[in-house]
Amino acid sequence: MAQKSTSESDQDVVDILTADHREMIGLIEMIEETSDPKERRSLADSVIAEVTRHSVAEELFVYPVYEREVPDGGDEVEHDKEEHQEIEEVMKELEGLDSESAEFIATVKRFKELLDHHADDEESDQFPKLRAAVSAEDLLDLGRKVEAAKKIAPTRPHPGSPHSELFHMTLGPGVGMVDRLRDALSGRLKNT
């Protein structure tokens, strides 16, 4: 039997989500470093899509496990969902701004601060608790579920939508399909 090559499915959920954080923050830093308005817009659209997919996958698969397996996990998940809501509102605002404006740059800075804070909370506090409470095999399985969810998740912020497992399971795939259709028709996210 051929040896299996290393792939994303071989990473556990903590490694996947941590890598997502680095990628998303890196995209925001690229926005801050460029003076090209078209590149800013393209990078902003990309990071918005990545953060949206990441958040949906967390809410759909990671948060229910965290609530169930980690003592006081429900309170921490509620806090995370509140942070997701705040981040979504900033992303929605960013979508409507001219990438040449000072307001765009200020909003990118606020977006980065929120994302940095959220990622730091998860990486320094919640991910170690998740690793301690859930078996390595289950963390790998959770990683595969998260990767699959990100492929069908919405690519645009929907701050009016609930941050619930039920919503993401029932209506999320349809919203994701509509978002990807809008992306294709508008030329947004050409490389995604």
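The values are calculated or read from the model by the stated rules, or taken from the named source; none is laboratory data. Just so we're clear, the structure is a prediction, and the values are computed from it rather than from any experiment. Cβ placement follows ideal geometry from the backbone for every residue including glycine, while neighbour counts extend to all protein chains displayed. When the accessible area is computed, the model is the full protein with side chains, heavy atoms only, and any ligands, DNA or RNA have been set aside. Shrake-Rupley method; radii C 1.70, N 1.55, O 1.52, S 1.80 Å.
The criterion of at least 3 residues that are at pLDDT 85 or above, in contact with a helix residue (DSSP H, G or I) (Cβ under 8 Å, 6 or more places away or on another chain) and not charged (D, E, K, R) is met, among helices (runs of 4 or more DSSP H) falling completely within the range 94-191, by 102-121, 127-133, 136-152. Considering the range 1-41, the residues that are over 17 Å from the mean Cα position of the chain (by Cα), open to solvent by 90 Å² or more (accessible area, probe 1.4 Å) and under 30 Å from Ala132 (Cβ atoms) include one that is modelled with the lowest pLDDT, namely Lys4.
Taken over the range 110-132, the criterion of being closer than 17 Å to Val77 by Cβ and either basic (Lys, Arg) or buried (at least 16 other Cβ atoms within 10 Å of the Cβ) (or both) is satisfied by His118, Ala119, Glu122, Gln126, Phe127, Lys129, Leu130, Arg131. Go through the range 70-85 residue by residue and tally those that are in a helix (DSSP H, G or I) and loosely packed, with under 15 Cβ neighbours inside 10 Å. Adding up the residues that qualify gives 5.
With respect to being of a type in the set (Asp, Glu), modelled with pLDDT under 95 and over 19 Å from Arg156 (Cα atoms), Asp45 falls outside the description.
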